[in-house]
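Q: Below is the structure I would like to discuss, written out as structure tokens.
Here, each number is a calculation from the coordinates, and none is a lab measurement. From a predicted model like this one, the values you see are computed outputs, not experimental measurements. Using ideal geometry, Cβ is built from the backbone for each residue, glycine included, and neighbour counts are taken over all protein chains shown.
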């Protein structure tokens, strides 16, 4: 947590491998005892969920999910796993529709599911609940935390809302006492 402009999202970009060219990084980024900081973004096995769902508008919901599957999943198995994932989140009926035809809450669940299908070793959440209304926000937040906990995936979240902080988790607030952004 911290004020706008203090580098929270930039930290997530550095970890994910998407640091803008006007920033430089010193040090190392380790995940599971390996320095991933030198690897290209697509090989880091780090999932990221933003405020916006970033679903591909030209692909159906099932195709969006299949896109995230590891390269080792081939042919009809890709579609089958995507359909199974939609069943798991009770959205099977949306398999053949496009992202602009579903609600914001459905898009959010599909986006998280797509990220999890990529089997990340760590997850980064960049204010993923901020665009949802209060009732949906609470429900989706609880669901996301449950999904990540059951998958046992380490997660780093940027938020401005203290209610987003999962129980029994560590919160780092910046700037620290006496410092400014």
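Q: Taking only DSSP H segments of four or more residues, each worth -39500 (n - 2.57), what value at 222 nm results for the chain once the sum is divided by all its residues, to the nearest 500 deg cm²/dmol? Numbers along the way, then the final one.
A: Working: 5 runs with 62 residues, N = 181.
Mean residue ellipticity, 222 nm, calculated: -10500 deg cm²/dmol.
Q: Arranged by the count of other C-beta atoms within 10 angstrom, fewest first, what order do 162, 77 take? Mind showing how you got there, number by number?
A: Working: 162 9, 77 12.
So the residues, fewest neighbours to most, are 162, 77.
Q: Kindly express, to the nearest 10 degrees and within the range 0 to 90, the angle between helix 134-151's C-alpha long axis and the longest C-alpha principal axis of the chain.
A: It is inclined by approximately 90 degrees.
Q: Tell me the angle of helix 76-88 to the major Cα principal axis of the chain, expressed in degrees between 0 and 90 and rounded to the nearest ten.
A: 70 degrees
Q: Give the value in nm², to one decimal: projected area of the alpha carbon convex hull of region 101-141, averaged over all directions. Could the numbers behind the result be given before it?
A: On the way: hull surface 12.9 nm².
Value for region 101-141: 3.2 nm².
Q: Kirkwood hydrodynamic radius (Cα pairs, Å) of region 4-46?
A: On the way: mean 1/r = 0.0921 Å⁻¹.
Result for region 4-46 stands at 10.9 Å.
Q: Let me ask you something else. If you take percent of Cα pairs over 28 Å apart from the coordinates, which of (i) 34; (ii) 27; (iii) 19 do you get?
A: Matching the structure shown: (ii).
Q: Next question. Just the C-alpha atoms of region 78-123: what Rg/Rh do they give, with Rh taken as the Kirkwood radius?
A: Ratio of gyration radius to Kirkwood radius for region 78-123: 0.96.
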